[in-house]
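Everything below concerns the one structure shown next.
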Amino acid sequence: MDNVITGFLGWAAPIASTVIVTALTAQIKARQDEAERKRDEAQAETDAKRRAEAEWRERVEGSMAGIDAKLDALNEATQTTMRTEILHLVEKFLTRGWITPEERASLFDMHKKYAALNANGFIDSYIERINHLPDREI
């Protein structure tokens with residue numbers, strides 16, 4: 001009987017080994033497939049997020065361009081308004097021939113803010129003429 005058992009084990013052992021290796025290989029393959037599926041899903045999710053971010057960036061940059069254009073227009077309008085007011089005041093004070101210290105301070109403050117808008121040029125020469133005016137009527 002020992003020979004029968006030994007013979008049976010000799011015959012069954014390679015088959016059992018093959019079955020076990022095949023089952024383990026199938027299990028490993030299933031795990032690899034699941035891992036690849038999860039990786040592909042994560043990659044697809046990442047790609048979708050990147051596309052959404054790119055679209056969002058395009059919208060934001062488009063909005064920023066519009067805002068920049070409006071700010072430029074407002075800056076130019078402010079410069080024009082301030083230049084007109086400065087010229088009007090300079091003409092008033094030069095015609096009058098004098099300027100109070102308060103008027104001078106106000107005009108210089110306006111000129112400083114006008115210059116901060118990167119606008120200046122010939123206004124400086126008018127402001128310089130104001131420097132020579134007395135602070136009361138002579």
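So Leu71 fits all but one of (1) under 18 Å from the mean Cα position of the chain (by Cα); (2) surrounded by fewer than 10 Cβ atoms within 10 Å (Cβ to Cβ); what number is the exception?
Among (1) under 18 Å from the mean Cα position of the chain (by Cα); (2) surrounded by fewer than 10 Cβ atoms within 10 Å (Cβ to Cβ), Leu71 violates only (2).
Does the range 57-71 contain any residue that is in a helix (DSSP H, G or I), closer than 16 Å to Glu128 by Cα and free of Cβ contacts under 8 Å to residues at least 60 places away in the same chain?
Step one: list which residues in the range 57-71 are in a helix (DSSP H, G or I), which gives 57-71.
Narrowing further to those that are closer than 16 Å to Glu128 by Cα: none.
The answer is no; no qualifying residue exists.
Name the residue that is farthest from Leu133 (Cα to Cα), counting only residues in the range 87-99 that are surrounded by 13 or more Cβ atoms within 10 Å (Cβ to Cβ) and in contact with a helix residue (DSSP H, G or I) (Cβ under 9 Å, 6 or more places away or on another chain).
Filtering the range 87-99 for residues surrounded by 13 or more Cβ atoms within 10 Å (Cβ to Cβ) gives 87, 89-90, 93-94, 98-99.
Next, from what is left, pick out any that are in contact with a helix residue (DSSP H, G or I) (Cβ under 9 Å, 6 or more places away or on another chain): 87, 89-90, 93-94, 99.
Values: Leu87: 15, Leu89: 13, Val90: 11, Phe93: 8, Leu94: 8, Ile99: 6 Å.
Within the range 87-99, the match that is farthest from Leu133 (Cα to Cα) is Leu87.
Whether any residue in the range 84-95 is of a type in the set (Val, Ile, Thr) and outside any helix (DSSP H, G or I) is what I want to check. Can you show your working first?
Filtering the range 84-95 for residues of a type in the set (Val, Ile, Thr) gives 84, 86, 90, 95.
Applying the additional criterion that residues be outside any helix (DSSP H, G or I) yields none.
No; the residues of the range 84-95 include none that is of a type in the set (Val, Ile, Thr) and outside any helix (DSSP H, G or I).
Tell me yes or no: at least one residue of the range 74-86 is among the charged types (D, E, K, R), loosely packed, with under 12 Cβ neighbours inside 10 Å and out of contact with any Pro (no Cβ under 6 Å at 6 or more places or on another chain).
no
From Asp40, Asp109, which residue is assigned to a helix (DSSP H, G or I) and more than 25 Å from Ile130 (Cβ to Cβ)? Can you show your working first?
Values: Asp109 fails: more than 25 Å from Ile130 (Cβ to Cβ).
Answer to the check: Asp40.
Can you tell me which residue within the range 122-138, out of those that are in contact (Cβ under 8 Å) with a residue 40 or more places away in the chain and assigned to a helix (DSSP H, G or I), is nearest to Asn75 (Cα to Cα)? Show your work before the answer.
From the range 122-138, those in contact (Cβ under 8 Å) with a residue 40 or more places away in the chain are 123, 126-127, 130, 133, 137-138; that's our starting set.
Then drop every residue that is not assigned to a helix (DSSP H, G or I), which leaves 123, 126-127, 130.
On the way: Ile123: 17, Tyr126: 22, Ile127: 21, Ile130: 26 Å.
Of everything passing the filter in the range 122-138, Ile123 is nearest to Asn75 (Cα to Cα).
Which residue is farthest from Arg136 (Cα to Cα), if the candidates are limited to the range 112-121 and must be out of contact with any helix residue (DSSP H, G or I) (no Cβ under 6 Å at 6 or more places or on another chain) and assigned to a helix (DSSP H, G or I)?
The first filter runs over the range 112-121 and keeps only residues out of contact with any helix residue (DSSP H, G or I) (no Cβ under 6 Å at 6 or more places or on another chain), leaving 112-113, 115-116, 118, 120-121.
Remaining after also requiring assigned to a helix (DSSP H, G or I): 112-113, 115-116.
Numbers: Lys112: 23, Lys113: 26, Ala115: 27, Ala116: 29 Å.
By that ranking, first place goes to Ala116.
No lab work stands behind these numbers, since they all come straight from the coordinates. Values in this document were obtained by computation on a predicted structure and should not be read as measured data. Note that each Cβ is placed from the backbone with ideal geometry, even for glycine, and that neighbours are counted across all protein chains shown.
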